[in-house]
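Visitor: Mind looking over this structure? Questions follow.
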Amino acid sequence: MTLNVPYVNLSGEAHALKNEMLAAFEKVLLGGDYILGPELKLFEAEFASYCQAKRSIGLSDGTHALIVILRALGMQGGDEVITAPNSFIASTSSIALVGAKPVFADIRSDGNIDPERMESAITSRTKALMPVHLTGRPARMTEITEIAKKHHLFVIEDACQAVGAELDGKRVGSWGDAAAFSLHPLKNLRAIGDGGMVTTNNPELAEKIACERNHGLINRETCERWSFNCRLDELQAALVRIQLKYLDTWTEQRRKLAFRYNDLLRPFVEVPDEGVGEKSVYQTYVIKAERRDALLAHLRENGVVALIHYATPIHLQPAARSLGYSAGDFPNTMKHVGKIISLPLFPSMTHEQQDRVIELIANFYKK
Ligand SMILES: *Cc1c(COP(=O)(O)O)cnc(C)c1O
């Protein structure tokens, strides 16, 4: 009998928390306070503390978390923000949506943006650097924050994939002027739907962002500037608060599985070893493989759900046409994108499931 291996196990993992979640649902339902209520306040305090940041603000999703940060920092037409070409599209779309110009810098072999190339991309119009902690691996924040200081730029962390990740013991979300997190169900800390968070160590910026997510209102009567309605629901806050208690356990499970994959896959493919000082949280477990497309087909034909994050880099998306980039602009990114596969990895994954994935990869290269 063949064993199918799913990419994630959301419904299976939900069972363990069902009673606690239903109790939280009932509490919010009967409490009658559905927007900007007490659960959100508590979650914001707990999340800030988890990220080693002074403040956090609940948003409707990670994309709006990025957008309100950019708006609160004053980004507008003509301003340039430097970010990674190999990310989820929202890293770039958020910049374009506030009227600023996304500028890309190529990546290192670990898949994260290269600080030296970021510095080379700085012009007189550059206002901010936006590194992405891709796959849950922290970007090179020591160098990036130094470059930002030298050139008087803001640092916005796209930490949407990386809650809990650390560099030299310092958590993502505590390095830059502000950071965006996603609570999308495929990220490590899950809403039952969409959700997002901002963290910052700057209380003034926190107030601005709280205003940006709530129609630009500074109090019940006064609208300071036109803005969105993009708040995290009270219900989602209550449900995510429960999951936050389990996050460290889930992260440890992810890391153990990742290290086991590393050990057993090393003879066949390039594995994502952690760099010095890095603690990755493996939102995705990405290998680099020779004959990638054939290996991916082999896995899928044998019941393993493996994916590519992301097959088309952002600078080659139709939406990015007006930015004027071409395929040859970021050779490291193109080389990377041609080899990557995201293998199944989730907290409740069994060794039996993991062995099946490893066996298929081993067989593929032994043939
Ligand atoms: C998921 C993600 C986002 C967007 O978050 P949503 O909650 O889906 O809006 C932004 N950037 C990166 C790197 C992401 O992975």
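The values are calculated or read from the model by the stated rules, or taken from the named source; none is laboratory data. Since this is a predicted model, take the numbers as computed values, not measurements. We place every Cβ from the backbone using ideal geometry, glycine too, and count neighbours over all the protein chains shown.
Visitor: Taking the residues in region 116-140 that are farther than 16 Å from Ala100 by Cα and touching a Leu at 6+ places or on another chain (Cβ under 7 Å) as candidates, determine which candidate is farthest from the ligand (Cβ to nearest atom).
Guide: The residue in question is Met118.
Visitor: Looking for whichever is more than 27 Å from Leu66 (Cα to Cα), acidic (Asp, Glu) and not in a loop (DSSP other than H, G, I, E, B) here; the options are Asp248, Asp263, Asp273. Which one fits?
Guide: Values: Asp248 fails: more than 27 Å from Leu66 (Cα to Cα); Asp273 fails: not in a loop (DSSP other than H, G, I, E, B).
Selected residue: Asp263, the only one of Asp248, Asp263, Asp273 that is more than 27 Å from Leu66 (Cα to Cα), acidic (Asp, Glu) and not in a loop (DSSP other than H, G, I, E, B).
Visitor: Restricting attention to region 103-142, and to residues there that are of a type in the set (S, T, N, Q), part of a loop (DSSP other than H, G, I, E, B) and under 22 Å from the mean Cα position of the chain (by Cα), which single residue is nearest to Leu316 (Cα to Cα)?
Guide: Asn112
Visitor: Further question on the same structure: Taking region 336-367 as the search range and keeping residues that are basic (Lys, Arg) and surrounded by 13 or more Cβ atoms within 10 Å (Cβ to Cβ), which one is nearest to Trp250 (Cα to Cα)?
Guide: Arg356
Visitor: Taking His215 and the conditions (1) within 21 Å of Phe346 (Cα to Cα); (2) touching a strand residue (DSSP E or B) at 6+ places or on another chain (Cβ under 9 Å), which numbered condition does it fall short on, given that it satisfies the others?
Guide: Only one criterion is unmet by His215, namely (1).
Visitor: Looking at (1) crowded, with 24+ Cβ neighbours inside 10 Å; (2) away from the ligand (no atom under 13 Å from the Cβ); (3) closer than 21 Å to Leu183 by Cα, which is the one condition that is false for Gly58?
Guide: The number of the failed condition is (2).
Visitor: Which condition number in (1) in contact (Cβ under 8 Å) with a residue 24 or more places away in the chain; (2) more than 16 Å from the ligand (Cβ to nearest atom) is the one that Gln317 fails?
Guide: Single failed check for Gln317: (2).
Visitor: Something else about it: Which residues, taken from region 1-35, are in a loop (DSSP other than H, G, I, E, B), more than 24 Å from the chain's Cα centre (by Cα) and aliphatic (A, V, I, L, M)?
Guide: Met1, Leu3, Ala16, Ile35
Visitor: Only one residue in Phe43, Phe88 is in the same structural domain as Thr142 (by TED's automatic domain parsing) and in a helix (DSSP H, G or I), so which one is that?
Guide: Phe43
Visitor: Ok, one more. Quick one: count up the residues across region 46-55 that are in a loop (DSSP other than H, G, I, E, B) and either within 16 Å of the ligand (Cβ to nearest atom) or closer than 30 Å to Arg117 by Cα (or both).
Guide: Of all residues in region 46-55, those in a loop (DSSP other than H, G, I, E, B) come to 51-54.
So of that shortlist, the ones also either within 16 Å of the ligand (Cβ to nearest atom) or closer than 30 Å to Arg117 by Cα (or both) come out as 51-53.
Residues that pass the stated criteria total 3.
Visitor: Restricted to region 64-89, and to residues that are near the ligand (Cβ under 8 Å from one of its atoms) and buried (at least 23 other Cβ atoms within 10 Å of the Cβ), which residue is nearest to Arg321 (Cα to Cα)?
Guide: Top of the filtered list is Ser87.
Visitor: Which of the residues that make up region 90-100 are surrounded by 19 or more Cβ atoms within 10 Å (Cβ to Cβ) and more than 13 Å from the ligand (Cβ to nearest atom)?
Guide: Val98, Ala100
Visitor: Which residues, counting only those in region 276-297, are of a type outside the set (Val, Ile, Thr) and outside any helix (DSSP H, G or I)?
Guide: Gly277, Glu278, Lys279, Ser280, Tyr282, Gln283, Tyr285, Lys288, Ala289, Glu290, Arg291
Visitor: Are there any pairs with C-beta distances below 6 angstrom linking a residue in region 63-82 that is among the basic types (Lys, Arg) to a residue that is buried (at least 24 other Cβ atoms within 10 Å of the Cβ), with the two at least 6 apart or on different chains, and if so which?
Guide: Arg71/Glu212
Visitor: Residues being touching a residue at least 60 places away in the same chain (Cβ under 8 Å) and crowded, with 16+ Cβ neighbours inside 10 Å: count how many of those fall in region 261-273.
Guide: Of the residues in region 261-273, 6 are touching a residue at least 60 places away in the same chain (Cβ under 8 Å) and crowded, with 16+ Cβ neighbours inside 10 Å.
Visitor: Take Phe364 and tell me if it is in a loop (DSSP other than H, G, I, E, B), farther than 22 Å from Val132 by Cβ and of a type in the set (Phe, Trp, Tyr). Spell out the reasoning first.
Guide: Numbers: in a loop (DSSP other than H, G, I, E, B): no; farther than 22 Å from Val132 by Cβ: yes; of a type in the set (Phe, Trp, Tyr): yes.
For Phe364, the condition - in a loop (DSSP other than H, G, I, E, B), farther than 22 Å from Val132 by Cβ and of a type in the set (Phe, Trp, Tyr) - is not met.
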